[in-house]
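The values are calculated or read from the model by the stated rules, or taken from the named source; none is laboratory data. These figures come from a predicted structure and were not determined experimentally. Cβ sites come from the backbone with ideal geometry, for glycine too, and all protein chains shown count toward neighbours. These accessible areas exclude ligands, DNA and RNA; they are computed on the full protein's heavy atoms, side chains included. Shrake-Rupley method; radii C 1.70, N 1.55, O 1.52, S 1.80 Å.
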Amino acid sequence: MAVTLKEIARQAGVSPSTASHAIRGIHPGKRALSPKTIQTVREIAEKLGYRPNLLAAGLASNKTFTIGVLVATLRGNFYERILEGITEVMHPSFTPLLAVHNYKSDRERKEIEVFIGKHVDGIIAAYSGDSENLDIYRELRDVHKMPLVLVDRGIENFNAPVVRNDHYLSTYLAIRELAKLGHKNIIFAGRVENFELPI
């Protein structure tokens with residue numbers, strides 16, 4: 001059975017609200033808790049293996065401490081690096097809730113609807129490019145006022161931050177390495193406008 005604040009407060013000889021404030025480091029009103037009280041409460045909490053109830057904390061603050069992360073696929077270095085970066089930055093404040101749409105527009109919509117239903121605190125999404133799903137992204141922004149960051153591609157005429165792979169830099173680095181190895185006849189196949197490689 002989970003250790004409660006009431007049990008910690010009972011053993012420390014303080015009220016549950018004092019125990020809560022001591023553990024969280026919050027000093028209610030003008031009355032500051034003594035260092036001895038804080039130390040006593042925290043030692044008892046540690047001894048009993050107390051873990052705060054994040055669900056209860058979320059209800060009090062209207063947060064879930066989760067971020068919906070919707071990627072197109074789990075294959076490929078790009079999404080692996082995106083997921084590594086997301087988990088590194090989020091930890092320990094937020095937990096990523098991962099979903100994959102595999103470029104299926106109905107799946108993309110359903111996963112976003114799940115995120116909305118779970119009241120995530122924000123969404124990081126790889127937009128599939130399917131115009132049928134523009135309305136769900138507009139709903140996120142306009143109705144739910146949910147923070148949204150797009151990865152891999154943006155949405156035309158849609159104001160949201162976008163994280164993209166730097167194709168220009170990666171192409172430059174690849175060609176530079178080939179040139180270092182002595183290769184002279186290097187072919188680049190792709191659609192590039194007004195771009196020069198500074199080798």
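A few points about this structure:
- Within the chain: Cβ-based charge dipole about Cα centre, in debye rounded to nearest 20 (Lys, Arg +1; Asp, Glu -1): 1020 debye
- Note on K184 and R81: the extension gain reaches 34.0 nm, defined as 0.36 nm multiplied by sequence separation minus the Cα-Cα distance.
- Only one residue of I123, L74, I175 has its Cα farthest out toward the positive end of the dipole of the chain, where Lys and Arg carry +1 and Asp and Glu -1 on Cβ, and that residue is I123.
- By accessible area, using a 1.4 Å probe on protein heavy atoms only, the range 12-166 has 53% of its surface on carbon and sulfur.
- A 1.4 Å probe run over the range 34-154, with the rest of the protein chains in place, finds 61 Å² accessible per residue.
- Per-residue extension of 0.36 nm, minus the Cα-Cα distance of S131 and V3, leaves a gain of 41.1 nm for this segment.
- Taking the Cα centre of the range 92-162 as reference, the dipole from Cβ charges on Lys and Arg (+1) and Asp and Glu (-1) amounts to some 180 debye.
- Take every Cα pair under 8 Å whose residues are at least 6 apart in sequence, average their separation, divide by the length of the range 31-144, and the relative contact order is 30 percent.
- Phi angles of the range 173-187 translate, via the Karplus equation with coefficients 6.51, -1.76, 1.60 and θ = phi - 60°, into HN-Hα couplings of 5, 5, 5, 4, 5, 5, 5, 4, 7, x, 6, 10, 9, 10, 10 Hz per residue; Gly and Pro are given as x.
- Dividing the radius of gyration of the alpha carbons in the range 55-189 by their Kirkwood radius gives 1.09 for Rg/Rh.
- The number of Lys pairs in the chain with C-alpha atoms less than 18 Å apart, excluding pairs fewer than 8 positions apart on the same chain, is 6.
- Estimated from helices alone, the mean residue ellipticity of the chain at 222 nm is -13500 deg cm²/dmol (sum of -39500 (n - 2.57) over DSSP H runs with n ≥ 4, per residue).
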